[in-house]
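Report on the following structure.
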Amino acid sequence: MRHAFWTPRDGIRTLVLFVACGALAIAAAALGISDSPPGILCAFLAAAAFVLAFVHPWRAPRQFLRLAGMSVAGLV
């Protein structure tokens, strides 16, 4: 798994996802998550980007995305 982070294609994707996670976390903090739907959405997307940064090199990401989609559907 460690080698997946350092291949050129996967390394760039990992870096982009970590940057997106940081930017979304900063946006969520700036908007506030106590009573702001956009702030809550930014916080949720930051958490999703953080998780995806680690799991995107998996061999079967479709299974993870299906599980994440079902989790969101169950939450609603």
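The values are calculated or read from the model by the stated rules, or taken from the named source; none is laboratory data. Not measured: the values here are computed from a predicted model. Please note: Cβ atoms are built from the backbone with ideal geometry, for glycine as well, and neighbour counts cover all protein chains shown. Heads up: the accessible areas ignore ligands, DNA and RNA and are worked out on the full protein's heavy atoms, side chains in. Shrake-Rupley method; radii C 1.70, N 1.55, O 1.52, S 1.80 Å.
Here are some notes:
- The distance between label points at Ala47 and Asp10 comes to 2.6 nm (points 7 Å beyond Cα on the Cα→Cβ vector).
- When a 1.4 Å probe is rolled over the protein heavy atoms, the share of accessible surface on the chain that falls to carbon and sulfur comes to 73 percent.
- Kirkwood Rh in Å, taken over all unlike Cα pairs in the chain: 13.4
- Solvent exposure of the range 7-66 amounts to 70 Å² per residue of accessible area, where only protein heavy atoms count and the probe is 1.4 Å.
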